[in-house]
Amino acid sequence: MKRILLIVGGGIAAYKASELVRLLRKRGHAVRCVLTEAGQHFVTPMTLAALSEDKVYTTLWDLKDEAEMGHIQLSRQADLIVVAPATADLIARMAGGLANDLATTLLLATDKPVLAAPAMNVRMWLHPATVRNVAQLRADGITVMAPDEGPMACGEFGPGRLPEPDRIADAIDAALEAKPQRLAGRHILVTAGPTHEPIDPVRYIANRSSGRQGFAIAGALAALGARVTLVAGPVTLPTPAGVTRIDVETAREMADAVDRALPVDVAIMVAAVADWHVDAAVQKIKKGDATPTLSLSENPDILATLARSPQRPALLIGFAAETERVVEHATAKRARKDVDWIVANDVSGDVMGGDSNSVHIVTKDGLESWPRQGKDAVAAQLARRVADALEPAQPMR
Ligand code: CTP
């Protein structure tokens with residue numbers, strides 16, 4: 001049995017809170033209700049008390065309750081706090097960190113997850129102030145459901161209706177089942193894909209990197225709750241869910257984008273960065289008498305530069321694409337670039353552009369060889385390995 005603290009705000013949709021309490025009780029949850037002052041104009045404490053089979057809390061100033069059970073305790077005895085309906089006013093006060101009634105005091109004092117089901121007039125929902133407040137709540141880690149769309153009590157039409165009680169109950173069950181995310185609060189940078197180095201306005205030097213392994217890693221890290229910045233070379237892959245993507249073309253643009261993304265807790269450089277750029281011609285090179293000679297200059301080594309930077313992340317991971325003596329080259333590369341881990345892959349076969357990968361993880365302490373598996377599986381295993389390394393009991397490198 002899970003304990004839910006339900007905060008009922010003051011809106012016409014408050015009557016649906018009674019139905020929500022009934023549904024949650026039917027699903028086997030214990031429900032304790034807090035009714036705001038405005039909420040009491042729409043639903044009575046007695047209705048909620050009867051349906052929840054518990055006392056209903058309405059005021060911060062009830063001395064008897066303060067003696068019996070402080071409001072801090074009330075906010076922490078639940079497994080989940082649910083705000084339904086979350087009115088525009090309640091959302092604004094939550095976003096501002098106010099504590100001027102029992103509901104907002106509990107929301108400020110709690111250490112438990114919070115789920116809000118908004119309900120308000122469509123103009124209020126679309127108002128920039130509400131948009132800003134909802135974004136703030138989400139950034140603060142509060143789950144804000146999308147309201148339903150349809151005709152409203154006020155005669156208008158659009159998004160703003162309280163989600164149906166069974167949809168709120170489903171969201172509550174999902175929130176109660178959600179496991180704590182191992183990489184929550186971490187900012188991780190991933191580079192992926194090839195770089196293109198222009199020869200002239202229409203031609204470039206490239207390599208066979210598809211970006212798939214790097215994109216899979218970015219997605220796997222985001223799935224564990226990390227804030228992921230993905231600096232991607234020119235590829236046509238979709239952006240994985242929850243990942244912030246920055247598209248670049250050349251190695252020098254990638255170096256700048258990496259620099260701007262700092263600081264990060266972890267950086268994983270999967271990109272196949274071109275080692276050289278061409279002193280590119282301003283106009284298209286014409287097929288003339290002489291065959292042109294390309295004049296190459298070395299690109300910045302993004303990984304090695306980050307390793308020496310004062311902003312070096314706590315965990316710095318490079319990739320090594322090798323076609324022979326894979327572990328030997330990777331071991332030398334780890335030491336030369338002064339990084340924590342090198343993920344080495346043998347690209348002599350069809351790895352570049354293919355679906356699977358067989359990798360070796362070279363660390364300061366030794367070598368792990370993982371079986372050949374799909375790129376998504378490699379990504380998931382690497383994300384878990386990163387989470388292990390960041391946990392305090394584990395050695396960092
Ligand atoms: N890398 C980088 N910037 C570069 C070149 C490489 O950040 N200009 C990174 C890659 O993203 C990868 C690692 O360095 O994580 C190894 O890249 P690789 O091309 O295998 O290493 P090189 O230093 O270029 O060595 P070599 O080509 O001689 O094997």
Among Asp265, Asp289, the single one that is away from the ligand (no atom under 16 Å from the Cβ) and under 27 Å from the mean Cα position of the chain (by Cα) is Asp265
When Asp54 is run through (1) among the charged types (D, E, K, R); (2) in contact with a Leu (Cβ under 9 Å, 6 or more places away or on another chain); (3) within 18 Å of Ile12 (Cα to Cα), the failure sits at (3)
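Only one residue in Ala314, Ala321, Ala304 is surrounded by 13 or more Cβ atoms within 10 Å (Cβ to Cβ), at pLDDT 95 or above and within 12 Å of the ligand (Cβ to nearest atom), so which one is that? Give the steps one after another, and end with the answer.
Working: Ala314 fails: within 12 Å of the ligand (Cβ to nearest atom); Ala321 fails: at pLDDT 95 or above.
Selected residue: Ala304, the only one of Ala314, Ala321, Ala304 that is surrounded by 13 or more Cβ atoms within 10 Å (Cβ to Cβ), at pLDDT 95 or above and within 12 Å of the ligand (Cβ to nearest atom).
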Of the residues in region 324-351 that are closer than 22 Å to Arg208 by Cβ, of a type outside the set (D, E, K, R) and within 12 Å of the ligand (Cβ to nearest atom), the one that is surrounded by the most Cβ atoms within 10 Å (Cβ to Cβ) is Ile342
Residue set Glu53, Glu37; condition surrounded by fewer than 17 Cβ atoms within 10 Å (Cβ to Cβ), of a type outside the set (Ser, Thr, Tyr) and within 37 Å of the chain's Cα centre (by Cα); output residue Glu37
Note on region 240-262: residues free of Cβ contacts under 8 Å to residues at least 24 places away in the same chain, in contact with a strand residue (DSSP E or B) (Cβ under 6 Å, 6 or more places away or on another chain) and either within 13 Å of the ligand (Cβ to nearest atom) or β-branched (Val, Ile, Thr) (or both) are Thr244, Ile246
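For region 95-107, enumerate the residues that are of a type outside the set (A, V, I, L, M), in a loop (DSSP other than H, G, I, E, B) and surrounded by fewer than 16 Cβ atoms within 10 Å (Cβ to Cβ).
Kept after step one, since they are of a type outside the set (A, V, I, L, M), are these residues of region 95-107: 96-97, 100-101, 104-105.
Remaining after also requiring in a loop (DSSP other than H, G, I, E, B): 97, 100-101.
Hits for region 95-107 are Gly97, Asn100.
Evaluate the following for Arg138: is it of a type in the set (Lys, Arg) and either farther than 21 Å from Ile4 by Cβ or buried (at least 17 other Cβ atoms within 10 Å of the Cβ) (or both)? Let's see the steps before the verdict.
Working: of a type in the set (Lys, Arg): yes; either farther than 21 Å from Ile4 by Cβ or buried (at least 17 other Cβ atoms within 10 Å of the Cβ) (or both): no.
Taking the combined requirement at face value, the residue does not satisfy it.
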Among the residues of region 141-159, is there at least one that is hydrophobic (A, V, I, L, M, F, W, C), buried (at least 20 other Cβ atoms within 10 Å of the Cβ) and not assigned by TED's automatic domain parsing to the domain that holds Ala78? no
Scanning region 86-124 for residues that are of a type outside the set (A, V, I, L, M) and under 24 Å from the mean Cα position of the chain (by Cα), the one nearest to Arg161 (Cα to Cα) turns out to be Pro118
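Kindly evaluate Phe215 against the criterion of being aromatic (Phe, Trp, Tyr), buried (at least 16 other Cβ atoms within 10 Å of the Cβ), away from the ligand (no atom under 11 Å from the Cβ) and not in a loop (DSSP other than H, G, I, E, B).
Numbers: aromatic (Phe, Trp, Tyr): yes; buried (at least 16 other Cβ atoms within 10 Å of the Cβ): yes; away from the ligand (no atom under 11 Å from the Cβ): yes; not in a loop (DSSP other than H, G, I, E, B): yes.
When the stated conditions are applied, Phe215 passes them.
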Only one of Leu221, Leu237 is in a loop (DSSP other than H, G, I, E, B) and more than 13 Å from the ligand (Cβ to nearest atom), namely Leu237
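Can you find, within region 268-286, the residue that is nearest to Leu189 (Cα to Cα) among those that are within 16 Å of the ligand (Cβ to nearest atom) and β-branched (Val, Ile, Thr)?
Initially, region 268-286 is screened for residues within 16 Å of the ligand (Cβ to nearest atom), giving 268-278.
Remaining after also requiring β-branched (Val, Ile, Thr): 268, 270, 273, 278.
Values: Ile268: 6, Val270: 10, Val273: 15, Val278: 27 Å.
Taking the candidates together, the pick is Ile268.
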For region 301-313, pairs from a residue that is of a type in the set (A, V, I, L, M, F, W, C) to a residue that is within 7 Å of the ligand (Cβ to nearest atom) and part of a helix (DSSP H, G or I), with Cβ under 9 Å and 6 or more apart or across chains, are Ile302/Ala251; Leu303/Lys337; Ala304/Lys337; Ala307/Lys337
Would you confirm whether any residue within region 369-384 is assigned by TED's automatic domain parsing to the domain that holds Ala226, buried (at least 18 other Cβ atoms within 10 Å of the Cβ), of a type in the set (A, V, I, L, M) and over 17 Å from Phe215 (Cα atoms)? no
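So which helices (runs of 4 or more DSSP H) are wholly in region 108-179 and hold at least 1 residues that are among the polar types (S, T, N, Q)? Before the answer, list the steps.
Details: elements: 122-126, 128-139, 165-177.
Correct list: 128-139.
If I ask for residues that are more than 22 Å from Ala13 (Cβ to Cβ) and in contact (Cβ under 8 Å) with a residue 24 or more places away in the chain, which ones from region 66-95 would you list?
Going through region 66-95, the residues more than 22 Å from Ala13 (Cβ to Cβ) turn out to be 66-77, 79.
Matches in region 66-95: His71, Ile72, Leu74, Ser75, Arg76, Gln77, Asp79.
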*State whether one or more residues within region 362-374 are within 13 Å of the ligand (Cβ to nearest atom), closer than 24 Å to Arg308 by Cα and part of a loop (DSSP other than H, G, I, E, B).*
no
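The values are calculated or read from the model by the stated rules, or taken from the named source; none is laboratory data. Since the structure is predicted, the reported quantities are computational estimates derived from the model, not experimental observations. All Cβ positions, glycine included, derive from the backbone under ideal geometry; neighbour counts span all protein chains shown.
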